[in-house]
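Peer 1: Sharing a structure below in structure tokens format, with a few things to ask.
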Amino acid sequence: MKYSKLSNKSFTATMKHLLLMAFAILTIGCGEKKSEDVNLDELGVREGVAYLKNSDSPYTGKVFEFHDNGQKKSEITLKDGKEDGLSVTWHENGQKESEYNYKDGKFDGPFRSKGGFKALPPKANS
């Protein structure tokens, strides 16, 4: 079997082509996501709608908060700056405290707490 040597021009052209393809794959694969989870401190609220600080677009994605001991305190799902979907809270010891569902910023029960299912969240009952 004969092996042919690549000319310098051919080798250079092949390498440029491969590098261009690799760059395109990395760019597409590592492209910016629509939203990423953010810490509650990164949001501001204007007229009842959550925005990333220095942004004019309502935030869509998950928001989290931590207890002082580093355990996760809450995880809230927002759509167009309003609670929409599952929101979960945890105790300082890491045990789940409650799960709430929201739709367009309004409670959409039932919610689950350590004691089981309830029709309304504690704040709505008082």
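Peer 1: If you scan segment 106-126, which residues turn out to be under 25 Å from HIS67 (Cβ atoms), within 27 Å of the chain's Cα centre (by Cα) and modelled with pLDDT of 60 or more?
Peer 2: Result: PHE107, PHE111, ARG112, SER113, LYS114.
Peer 1: Could you grab me the full set of residues in segment 73-111 that are closer than 19 Å to GLU47 by Cβ and either hydrophobic (A, V, I, L, M, F, W, C) or in contact (Cβ under 8 Å) with a residue 60 or more places away in the chain (or both)?
Peer 2: ILE76, LEU78
Peer 1: Same structure, new question: I'm checking my understanding of the structure. Among residues of segment 42-60 that are more than 16 Å from the chain's Cα centre (by Cα) and β-branched (Val, Ile, Thr), which one is surrounded by the most Cβ atoms within 10 Å (Cβ to Cβ)?
Peer 2: Once the filter is applied, the top-ranked residue is VAL49.
Peer 1: A further question on this structure: Report, by residue number, each residue of segment 44-67 that is in contact with an Asp or Glu (Cβ under 6 Å, 6 or more places away or on another chain) and among the aromatic types (Phe, Trp, Tyr).
Peer 2: PHE64
The values are calculated or read from the model by the stated rules, or taken from the named source; none is laboratory data. Computed from a prediction, not measured in an experiment: that's the story for all the values here. Because the Cβ atoms are built from the backbone with ideal geometry, glycine has one as well, and the counts that use them run over all protein chains shown.
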